[in-house]
1. Could you order LEU346, LEU197 by accessible surface area, starting with the largest, using a probe radius of 1.4 Å?
2. Test of understanding: what is the full-extension gain from PHE345 to ARG228, defined as 0.36 nm times their sequence separation minus their Cα-Cα distance?
3. Once ligands and nucleic acids are excluded and a 1.4 Å probe is used, how much of ASP162 is accessible, expressed in Å² to the nearest 10?
4. Per 0.36 nm of contour for each residue apart, how much would the distance between LEU245 and ARG364 grow if the chain were fully extended, relative to their Cα-Cα spacing?
5. How would you order 317-326, 127-136 from highest to lowest mean count of nearby Cβ atoms within 10 Å?
6. With a 1.4 Å probe and every protein chain left in place, tell me how much accessible area ILE49 has, in Å² to the nearest 10.
Amino acid sequence: MSPPEFQLHIAIVGAGLGGLAAAISIAQSGHRVTILEQAPELGEVGAGIQIPPNSSRILKRLGILSKVEALSVRPHEFVLRSYRDGKVLSTQPLLPYCEERYGAPYLHIHRADYHRVLVNEARRLGVAIQLNAKVTGIDFEKPEIKLADGSTLAADLVIGADGLKSVCREQLLGKKDPPKLTGDLAYRVTIPASAMLQHPSLLPLIENPAVNFWLGPSSHCVGYLLKREGGEGIYNMVLACPDNLPELVNTAKADLQEMRDFFSGWDENLRLLLGLVDDTSKWRLMNSEELASWAHPSGKFVLLGDACHATLPYLASGAAMAVEDGYLLGRLLSKIPRSAPPPAFLLPDILTIYETVRKPRTTRVVKQSSHYQQIFHMHDGPLQRERDRQLLRYQQEPYAGYPNKWRDPVFREWLWGYDAEQEVETAWAVYRSGRFPLTMGGRWESEREVVGSAVGSMIMSRL
Ligand SMILES: Cc1cc2nc3c(=O)[nH]c(=O)nc-3n(C[C@H](O)[C@H](O)[C@H](O)COP(=O)(O)OP(=O)(O)OC[C@H]3O[C@@H](n4cnc5c(N)ncnc54)[C@H](O)[C@@H]3O)c2cc1C
């Protein structure tokens, strides 16, 4: 009889999209996973979420893309419009562009559906999910998690995936660290597609699904279609505008008239859509500053997702970054030999590799999302006119720095062309060659250029 394989026990705090992606990837790597979730039941807040190709490629590798796709809408394109009259300023094709270029689709899905697919897959792989499990403290050296009910859970590694208002991050920093205000809030609304069918000018939003953006002063709106399992379509909208929530109130039921008044001078179709809404809420949009480190020096604790890089949602990439983190961490943990307990240095090294490759990318997403706030929210005037002129003039020859970042040939490749699997293999090759100084930091990007192309060909030849 062959000896039983060695397994690490990994505890994840938080069953959000990031924590679940990590759980699936780690379970597939052969380790035992327990998730601690504070909520009494599993679910996701909010309606829609966009899944860009860098993230859907990971779902493919995790073996769950077909389940997610079955519940998703495939938008044809991104459309940036002027707020006044809906005039199209710039587009970016998505279908079949993303499949052809990145080998993975761009998708829209209801968050509850996405979350359910991940939960089912995690459970199928044997991940234990404990509900009503509010984490209040962490002993980083053991490591051991303390829960609100007084119980504790010991593990070999603890992953803090507890979102924007992360207890894990505050424990790591040893101080309060509330999320940062961005000056914006978002109204979130949904409209039944059946109600839109009564209005001929809204039909294209259903018949030709796209991600529509209306850019206006201090604000912008995003809308896209979702489908529910067995149900009718719904149009999901996020309307970003200046934050007027009272101090310390981060979400609140909102007044429909206040929302409609704010957008009263906007495109007729947008106003028509808002006229069909019968309920709305306001969400303060917050983000975070780059942390000095995501890991504890013990080498037994690390953060992922919004807990360490919360972002404005303007690039629609926050969850995609959390999923990339989780996948990558799981794949790195698969490098631990299963024949015996790993040498003491290996787990801390893996956490260092993870942080080194992930931090520059997520920091750039957070910064570029904030930059988009400035581009999207220009007031009428010379800057806005120049932005619109460039969007229109260079739509066919976009350049690095083009104001539509999804059409910027350099940024788009960087954002959507990311192959988390190749990143892992490149990092591992660098580590194995002894060239992974544990303080590599910003030099990772250049190191990856050198080693990455060779590893890329190796991965391609395996496909
Ligand atoms: C309006 C809006 C639109 C967005 N649109 C997109 C989009 O289109 N595409 C995209 O990629 N991203 C989008 N995002 C960002 C995305 O929602 C987040 O980045 C993502 O959900 C973060 O996932 P996470 O798992 O890191 O954290 P979370 O989803 O916040 O999950 C954290 C989990 O931890 C649990 N938890 C918290 N504290 C504790 C504790 N002490 N003990 C135990 N459990 C705890 C929580 O209950 C929760 O389940 C959007 C965000 C907003 C606000």
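1. LEU197, LEU346
2. Contour length minus the Cα-Cα distance gives 37.4 nm.
3. ASP162 exposes around 40 Å² with every protein chain in place.
4. Between LEU245 and ARG364, full extension yields 40.1 nm more.
5. In descending order of packing, they fall as 317-326, 127-136.
6. 10 Å²
The values are calculated or read from the model by the stated rules, or taken from the named source; none is laboratory data. Computed from a predicted structure; not experimentally measured. Cβ atoms come from the backbone with ideal geometry, glycine included; neighbour counts cover every protein chain shown. The protein model used for the area step is the full one, side chains on, heavy atoms only, and it has no ligands, DNA or RNA in it. Shrake-Rupley method; radii C 1.70, N 1.55, O 1.52, S 1.80 Å.
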